[in-house]
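Just so it is clear, none of the values below were taken in a lab; they were calculated from the coordinates. Nothing here was measured: the structure is a model prediction, and the numbers come from that model. Cβ: placed from backbone, ideal geometry, glycine included. Neighbour counts: every protein chain shown.
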Amino acid sequence: MRFHTTSLDGVRIINLEPIRDSRGFFARTFCVEEFAAHGIETQYPQHSVSFSVRKGTLRGMHYQSAAHSEAKLIRCLSGAIWDVLIDIRPGSPTYGRWQGFELSDANGHQLYAPRGFAHGFQTLSHDVSVNYLISQPHVSEAACGIRYNDPSFCIAWPLPINEISDKDLRWPDFVGAIPMVPPG
């Protein structure tokens, strides 16, 4: 695996290094020693998957309140997504900034989001499966979110939104957010 920094403090893109032969390939997606050496969470007691039928589906922006904050390792198993992280850690050098990443079955990239980030994605194709390794069990009472079009962040979603849950439409604006210029 190759670990790459991003413009968000602590966020990493992890490229797999497939070993190919006539059968296809084999690649490691997780190694405790390598993750620890790069300062990445190594304990993931919850594994989850989401499936989205339609291109343009939006899920997010989700996080759990501080006492239940989650680190996530995200990988698109089929199809393609535009994955977005917002740094909501007060005092972070990248507080209030967001960045988008294309994850797909074709590129095989994994995205590591440390604790203190809001997370969401938009599907770029039909029939999308996304796998998550999550560092904390889900706590319903701690579930929080930021509206996908919060003017404090000005996220530029790549496609028209065709599907979004009522819950995701009703998330409030982020309290305490500072107006940010979209990344460029």
Which ³J(HN,Hα) values, rounded to whole Hz and listed in residue order, are derived for the stretch 96-108 from phi using the Karplus coefficients 6.51, -1.76 and 1.60 in 6.51 cos²θ - 1.76 cosθ + 1.60 with θ = phi - 60°, glycine and proline given as x? x, 9, 10, 8, x, 9, 8, 10, 8, 5, 6, 8, x
Taking amide H positions as placed in the peptide plane 1.01 Å from N, state which residues far from ARG97 in sequence (5 or more) or on other chains have amide H under 5 Å from it. ASP87
Rounded, prolate or oblate (a/c below 1.5 giving rounded, otherwise prolate when a/b exceeds b/c) for the stretch 77-184 by Cα gyration tensor: rounded
Check HIS126: other-chain or 5+ apart residues with amide H under 5 Å from its amide H, H built from backbone geometry? LYS55
Which order do the peptides 56-67, 20-31 take when ranked by the mean count of other beta-carbon atoms within 10 Å per residue, highest first? 56-67, 20-31
Pop out the ³J(HN,Hα) list for the stretch 154-164 in order, Karplus 6.51 cos²θ - 1.76 cosθ + 1.60 with θ = phi - 60°, rounded to Hz; leave Gly and Pro as x. 6, 5, 9, 5, x, 10, x, 7, 9, 9, 7
Charges on Cβ only, +1 for Lys and Arg, -1 for Asp and Glu, centred on the Cα centroid of the stretch 57-171; of LEU58, LEU77, SER135, which one is farthest towards the dipole's positive end? SER135
Would you grab the residues whose amide H sits under 5 Å from the one on SER135? Only those 5+ places off in sequence or on another chain, please, with H modelled 1.01 Å from N. ALA71
Could you go through the stretch 46-52 in sequence order and give the Karplus-derived ³J(HN,Hα) for each residue, using 6.51 cos²θ - 1.76 cosθ + 1.60 with θ = phi - 60°, rounded to whole Hz, and x for Gly and Pro? 10, 10, 9, 9, 10, 10, 10
Mind listing P(r) for the chain? All alpha-carbon pairs, 10 Å bins, whole percents. 9, 37, 39, 13, 2, 0
